[in-house]
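Have a look at the structure below, then the notes.
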Amino acid sequence: MNFMSPLDLSIPSQLSFALIPDLLLMGGAMILLLWAAWRPEGVRHQRAIGAACIGLIVLTTVAIGWFIYQGVTATPGPIAVDRFRWIADLVLLLGTAGTIALSMDYNEREGITAPEAHVLILLATSGMMLLAAARDLMIVFLGIETMSIATYVLAGMNRRSPRAAESAMKYFLLGAFSTAFLLYGMALVYGATGATNIAVIGDRVTQYGLTGSPLLLTGIALMVVGFGFKVAAAPFHMWAPDVYEGAPTPITAYMAAAVKAAAFAAFLRVWYEAFSPVYPSWHNAIWWLAAITMAAGNIIALRQRNLKRLLAYSSIAHAGYLLVALTVNSAAGSEAFLFYAFVYTIATLGSFAVVVALGDPGERSLIVDDYAGLWTIRPWLAVAMAIFMLALLGFPVFGGAGFFAKWYVIRAALQVPSPHWKLAVILVLTSVISAGYYLYVVMVMFMRPRVATAAIPARSRGLTGFVIAASAVLLIVLGIFPERLVRLTEGSAPLSAPMVRQTSSAVPLPTSPPARR
């Protein structure tokens, strides 16, 4: 039995080893960016770049799979090397691959021939992966900015659409505003503890008795506001509906799934590792943030008839469910978050893929009533959309793994020493409220007659159809065999102390040279 050698991340070569998947994605993206700019814009060129981007994602996924298989972990440093990071990266890459596949068909339909759009998605994902790996506040900020700047551009990628321009401008202004809160909060936390490494922050809070420090608590409060904007938690959600509605549909799916998952991964790691010693101080704030977000997202969604706005408020409600996993501050909460993020990403990609498949140039068919009688003309699309809606609802059996995703969050809330049963009840009640709009979409597709004058939507293109089919099948299969995903997410709590994983096939990380005196 071999033991994994601990990794001293202060050595540059070892830091590069820890960042192999990130460097592979970033380096490949820069090469593809040169290729994209080398030839004139065109449909074939943008599809070729998109295919190459998906190939690069596959290579990066293989690299991450190797780290998971070998059980590679390391002692704390500025870059995390733990199972939480690897599983979060898989969720992000899954959302990225689905987004690029949808974009290839969508961009061709909308006349968006700039191949750089696909590379920008990769660059945003590289920032997300940095977020998932960050164990230092400066790296958290670097990851957020890398992710956000690319996403601002993607939101306004359709230069002929006034709504896209408005979406990008709102996203940029409010995103910059939220970043200021986050950065100021980090500065105050540094001022209180004298450290930016999140593990060191947690140690110093305990060592020097800073649990009641006004400077530290003010910094945490400002960081809650900053992260609240990033994950679209109420009352910091006001940008999400307009931005989601105006952005190109594949980018909306990307923001609702991958961007949210990345922000939550950083949110959870910082709070679990750095701020656990002051848990009593921030617990109530996150508790109420989760409750308000679940209630506001679901109640406001009941009045939406534009499908993209409906899904935007749905994503706000799901941010509330994920905040429940953060509130419990336990390993079970971390595992429930990763399980939920995986299932939510699949269901969100699938639902927006149906919107892409049924859309027309200019995205005019976005009202829920436009889907009336879809069962009679595109039965498989109607069935797939019903699966996605039921998965987001958390309906058992027909919603696939969506039911287990919420069940694991509820279980995590009830298994802690002081059970959060009130928050669990609010989660259940708000999920019941969400049936009012999820089932309305299903009812319109299966029980409303098709308007005689309504145009018959074109059949979905190859990649869009593949994303829809793969998402629906994955949800059903994971609903039948949820233990597969459970085993993948087990033991994935962020490392808050040096840990060595014991494996039979461990490959030791590079050892540092002896220090010279």
### Answer from 279, 272 - the residue that is under 14 Å from residue 198 (Cα atoms), in contact (Cβ under 8 Å) with a residue 24 or more places away in the chain and open to solvent by 10 Å² or more (accessible area, probe 1.4 Å)
272
### Query
Given the structure, is residue 403 at pLDDT below 90 and among the aromatic types (Phe, Trp, Tyr)?
no
#### Entry: Answer from 97, 80, 124, 101 - the residue that is under 20 Å from residue 326 (Cα atoms) and of a type in the set (Gly, Ala, Ser)
80
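Which residues, taken from region 185-221, are assigned to a helix (DSSP H, G or I) and either touching an Asp or Glu at 6+ places or on another chain (Cβ under 7 Å) or of a type in the set (D, E, K, R) (or both)? Break it down stepwise before answering.
First, pick out the residues of region 185-221 that are assigned to a helix (DSSP H, G or I): 185-193, 198-207, 214-221.
Scanning region 185-221 gives 198, 199, 202, 203, 204.
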### Task
Would you confirm whether any residue within region 150-159 is in a helix (DSSP H, G or I), among the aromatic types (Phe, Trp, Tyr) and within 22 Å of residue 118 (Cα to Cα)?
yes
### Task
Give me the pairs, please: first residue somewhere in region 394-414 and closer than 10 Å to residue 479 by Cα, second residue anywhere and among the small types (Gly, Ala, Ser), beta-carbon distance under 6 Å, and either six or more positions apart or on two chains.
399/391; 400/391; 400/479; 401/479; 402/391; 402/394; 403/394
### Query
Name the residues in region 400-423 that are over 22 Å from the mean Cα position of the chain (by Cα), surrounded by fewer than 20 Cβ atoms within 10 Å (Cβ to Cβ) and in a helix (DSSP H, G or I), would you?
414, 415, 421, 422
### Query
Out of region 444-472, which residues are outside any loop (DSSP other than H, G, I, E, B), at pLDDT 85 or above and open to solvent by 20 Å² or more (accessible area, probe 1.4 Å)?
446, 447, 463, 465, 466, 469, 470
### Query
If you go through region 9-68 one residue at a time, how many are surrounded by 18 or more Cβ atoms within 10 Å (Cβ to Cβ) and at pLDDT below 85?
4
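When you check residue 232 against the structure, is it among the aliphatic types (A, V, I, L, M), farther than 21 Å from residue 137 by Cβ and not in a helix (DSSP H, G or I), yes or no?
On the way: among the aliphatic types (A, V, I, L, M): yes; farther than 21 Å from residue 137 by Cβ: yes; not in a helix (DSSP H, G or I): yes.
In short, yes.
With under 18 Å from residue 124 (Cβ atoms) and open to solvent by 10 Å² or more (accessible area, probe 1.4 Å) as the only criterion, which of 217, 222, 142 stands out? Break it down stepwise before answering.
On the way: 217 fails: under 18 Å from residue 124 (Cβ atoms); 222 fails: under 18 Å from residue 124 (Cβ atoms).
Going through 217, 222, 142 in turn, just one is under 18 Å from residue 124 (Cβ atoms) and open to solvent by 10 Å² or more (accessible area, probe 1.4 Å): 142.
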### Task
Could you tell me whether residue 308 is within 22 Å of the chain's Cα centre (by Cα), within 20 Å of residue 339 (Cβ to Cβ) and either of a type in the set (D, E, K, R) or open to solvent by 10 Å² or more (accessible area, probe 1.4 Å) (or both)?
no
### Message
Yes or no: region 308-323 includes at least one residue that is among the hydrophobic types (A, V, I, L, M, F, W, C), more than 25 Å from residue 482 (Cα to Cα), without any contact (Cβ under 8 Å) to a residue 40 or more places away in the chain and in a helix (DSSP H, G or I).
### Response
no
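Quick one: is residue 291 of a type in the set (A, V, I, L, M), modelled with pLDDT under 90 and surrounded by fewer than 24 Cβ atoms within 10 Å (Cβ to Cβ)? Step through it out loud before you land on a result.
On the way: of a type in the set (A, V, I, L, M): yes; modelled with pLDDT under 90: no; surrounded by fewer than 24 Cβ atoms within 10 Å (Cβ to Cβ): yes.
No; evaluated as a whole, the condition is false for this residue.
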### Query
Can we say residue 161 is open to solvent by 20 Å² or more (accessible area, probe 1.4 Å), hydroxyl-bearing (Ser, Thr, Tyr) and in contact (Cβ under 8 Å) with a residue 60 or more places away in the chain?
yes
### Query
Are any residues in region 385-399 surrounded by 24 or more Cβ atoms within 10 Å (Cβ to Cβ) and of a type in the set (Phe, Trp, Tyr), and if so, which ones?
388
### Query
Just one of the numbered conditions (1) surrounded by 18 or more Cβ atoms within 10 Å (Cβ to Cβ); (2) closer than 23 Å to residue 77 by Cβ; (3) of a type in the set (A, V, I, L, M) is not true of residue 187; which one?
(1)
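Quickly run through region 211-222 and pick out the residues that are aliphatic (A, V, I, L, M) and without any contact (Cβ under 8 Å) to a residue 60 or more places away in the chain.
Restricting attention to region 211-222, the residues satisfying the condition of being aliphatic (A, V, I, L, M) are 215-217, 220-222.
Answer for region 211-222, where residues must be aliphatic (A, V, I, L, M) and without any contact (Cβ under 8 Å) to a residue 60 or more places away in the chain: 215, 222.
The values are calculated or read from the model by the stated rules, or taken from the named source; none is laboratory data. All of these numbers come straight from a predicted model, not from anything done at the bench. Note that we place each Cβ from the backbone using ideal geometry, even for glycine, and neighbour counts take in every protein chain shown. The area values use the complete protein model at the heavy-atom level, side chains included, leaving out ligands, DNA and RNA. Shrake-Rupley method; radii C 1.70, N 1.55, O 1.52, S 1.80 Å.
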